[in-house]
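Asks: Before I ask anything, let me first share the structure, which is written out below as structure tokens.
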Amino acid sequence: MSEDNKFPFVTVIIPAYNEEKYIGKCLKEWVNQDYPKDRYEILVYDGMSTDRTAEIVKDFERRYPDLVKYRKNPKRRQVYAFNMGIHEARGEFFIIFGAHAYPERNFLRKSVETFLKVKAEESKLAGVGGKIIKLYENRLAKLVALIYSSPLSGASSFWFEDKPHFAKTVAFALYDKKIAEEIGNFDEDMIVGNDFEFNLRINKRGYKLFFNPEIRSYYYARSTWKGFLKQTFNYGAVKAVAIRKGYFSPLWLAPLGFLGFEVLIPFWRFLVPLFALYWIALLGEGVRLWRKTGNVDALALPPVMWLFHNLISIGFIAGLIFGKKAFR
């Protein structure tokens, strides 16, 4: 195997907006990867930050001129940074990474090794992703993380699975640039959920994604009630907009069924026991997560998960009616 095949060139694309508290740690870990420095580049797209984000990135660019590049993203939204990065990327592979996160020192090497190993057995491989470990900034963030760690949330498997597997969607993934360009890069209508839609399109075209928990990164989970409500509403809207774009999964209709179920309870009394079973299931899941994590806040899961399910349902309906205009 040639040296270039062993260490293919990779472009790391990082969109950032007002991340002065986190971008330094993110870039520090990226410039110190255990991967040849001449075999990757880091492109940071600043969404016109009003804090010290640009200053911090430019300092890294000054210290690592062959590795870090500062770019402006005048359109501000992350999806535009994604496509600008792919267009500018010198790598045959690229990684979309968050400024609010940081990778382990072997993240890049593990990603490349996993891709090459799986690709040898599966020719339709398009990307590989890994485990995201959340770091909590407040108590609400821990509770929100519990929600997403539960299969009852409908969240992607990488939040709660610990075994390597082919997956429908992956996060902070290493992608084959040629395949990304073949399928049209990121859909700029999807100002929210763009990575979800991108991965859906990869699957729709017959390509595959692989999850390896040994590829690890850390994400600072910040949560306010306002942010949680907005994120959950958008979570439902994304699925509806995806349906409008020609994607479909029967599971995505669950929000309609759930809301319809609640509306019919006053008229069809035989649904009351079923609704009681729903709450018992939520309570049981709360107890399970409490025992698993030791976080007593998991016992508050039932009402918060009920709110979560209703907001997803409302967001889903809004997305069906208004399309991308539904995004908050």
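The values are calculated or read from the model by the stated rules, or taken from the named source; none is laboratory data. Since the structure is predicted, the reported quantities are computational estimates derived from the model, not experimental observations. Positions of Cβ are generated from backbone atoms using ideal geometry, with glycine treated the same way; all protein chains shown enter the neighbour counts. Surface accessibility is based on the protein's heavy atoms, side chains included, excluding ligands, DNA and RNA. Shrake-Rupley method; radii C 1.70, N 1.55, O 1.52, S 1.80 Å.
Asks: Given +1 on the Cβ of Lys and Arg, -1 on the Cβ of Asp and Glu, and no further charges, what dipole in debye does region 8-156 carry about its Cα centre, rounded to the nearest 20?
Replies: 240 debye
Asks: Going by alpha carbons, how many degrees (0 to 90, nearest 10) lie between the helix axis of 107-119 and the longest principal axis of the chain?
Replies: The answer is roughly 80 degrees.
Asks: Which pairs in the list K25/K142; K168/K239; K25/K324 are over 23 Å apart, alpha-carbon to alpha-carbon?
Replies: K25/K324
Asks: Taking Cα atoms, how many degrees apart are the long axis of helix 301-322 and the longest axis of the chain, rounded to 10 and kept between 0 and 90?
Replies: On a 0 to 90 degree scale, this one is about 80.
Asks: Largest first and in whole Å, give the semi-axes of region 1-111's equivalent ellipsoid, each being the square root of 5 times a Cα gyration tensor eigenvalue.
Replies: After scaling each eigenvalue by five and taking roots: 23, 15, 12 Å.
Asks: Tell me, what ³J(HN,Hα) does each residue in region 55-65 have, in order and in whole Hz, if you take phi through Karplus 6.51 cos²θ - 1.76 cosθ + 1.60 with θ = phi - 60° and put x for Gly and Pro?
Replies: So the Karplus estimates, Gly and Pro as x, are 4, 5, 5, 5, 5, 5, 4, 5, 7, 10, x Hz.
Asks: May I ask you to evaluate 6.51 cos²θ - 1.76 cosθ + 1.60, the Karplus curve with θ = phi - 60°, for each residue of region 124-130 and list the ³J(HN,Hα) values in order in whole Hz, giving x for glycine and proline?
Replies: Whole-Hz 3J(HN,Hα) from phi for region 124-130: 8, 5, 10, x, 9, x, x.
Asks: In addition: Translational diffusion coefficient of region 95-253 at 4 °C, 1.567 mPa s, Stokes-Einstein with Kirkwood Rh over Cα pairs, in µm²/s as a whole number.
Replies: Using the Kirkwood radius from Cα pairs, D works out to 79 µm²/s.
Asks: Considering the chain as a Gaussian network with a 10 Å cut-off on Cα pairs, which listed residue, F316, F60, F82, attains the greatest mean-square fluctuation?
Replies: Sorting by GNM fluctuation, first place goes to F60.
Asks: On to the next question. Tell me the net charge near A126. Cut-off is 11 Å between Cβ atoms, A126 excluded, with +1 for each Lys or Arg and -1 for each Asp or Glu.
Replies: With Lys, Arg at +1 and Asp, Glu at -1, the net is +4.
Asks: Here's another thing I want to ask about it. What does region 1-52 give for Rg and for Dmax, in Å, if only its C-alpha atoms count?
Replies: Expressed in Å, the Cα Rg and Dmax of region 1-52 come to 13.8, 47.
Asks: Over the Cα atoms of the chain, compute the convex hull volume and normalise it per residue, giving Å³.
Replies: 138 Å³
Asks: Treating the beta-carbon of each Lys and Arg as +1 and of each Asp and Glu as -1, no other charges, what is the dipole magnitude of the chain about its Cα centre, to the nearest 20 debye?
Replies: My answer is approximately 540 debye.
Asks: Another question about this same structure. Mean residue ellipticity at 222 nm from the helices of the chain, using -39,500 (n - 2.57) per DSSP H segment of n ≥ 4 over the full residue count, to the nearest 500 deg cm²/dmol?
Replies: Computed ellipticity for the chain at 222 nm equals -14500 deg cm²/dmol.
Asks: Also, I was wondering about something else. GNM on the chain, C-alpha springs below 10 Å: top fluctuator among S249, S111, S149?
Replies: Of S249, S111, S149, the most mobile in the Gaussian network model is S249.
Asks: While we're here: Assign unit charges at the C-beta atoms only (+1 for Lys and Arg, -1 for Asp and Glu), then state the dipole size of region 24-91 relative to its Cα centre in Debye, rounded to the nearest 20.
Replies: 220 debye
Asks: If you count the DSSP beta bridges with both ends in the chain, what percent of them are antiparallel, to the nearest 5?
Replies: 30 percent
Asks: What does the highest-first list of 73-80, 103-110 look like by mean Cβ count within 10 Å?
Replies: 103-110, 73-80
Asks: Give the angle, between 0 and 90 degrees and rounded to the nearest 10, that separates the Cα long axis of helix 194-204 from the longest principal axis of the Cα atoms of the chain.
Replies: Rounded to the nearest ten degrees, it is 90.
Asks: Within the accessible area of the chain, what % is carbon and sulfur when the probe is 1.4 Å and the other protein chains stay in place?
Replies: 58 percent
Asks: Something else now. Taking H placed 1.01 Å from N in the peptide plane, check which residues at least 5 places from V10 or on another chain put their amide H under 5 Å from its amide H.
Replies: Amide H neighbours of V10: Y40, E41.
Asks: Further question on the same structure: Please say if region 256-328 is rounded, prolate or oblate, where rounded means a/c under 1.5 for a ≥ b ≥ c the square roots of the C-alpha gyration tensor eigenvalues, and otherwise the choice is prolate for a/b larger than b/c and oblate otherwise?
Replies: oblate
Asks: Return the long-range amide H neighbours of S49 (sequence gap of 5 or more, or a different chain), with a cut-off of under 5 Å between placed amide H atoms.
Replies: N18
Asks: Whole-Hz Karplus ³J(HN,Hα) for region 285-291, in order, using 6.51 cos²θ - 1.76 cosθ + 1.60 and θ = phi - 60°, x for Gly and Pro?
Replies: Residue by residue, region 285-291 yields 5, x, 5, 4, 5, 4, 5 Hz.
Asks: Let me ask something else about it. Cross-link list K245/K325; K69/K119; K124/K204: which exceed 22 angstrom alpha carbon to alpha carbon?
Replies: K69/K119
Asks: How much net charge surrounds Y278 when only other residues with a Cβ under 13 Å from its Cβ are counted (Lys, Arg +1; Asp, Glu -1)?
Replies: Local charge sum for Y278: -2.
Asks: Highest mean first, what order results for 121-132, 234-245 on Cβ atoms within 10 Å?
Replies: 234-245, 121-132
Asks: With all protein chains present, calculate the accessible area of I183 using a 1.4 Å probe and round the result to the nearest 10 Å².
Replies: 10 Å²
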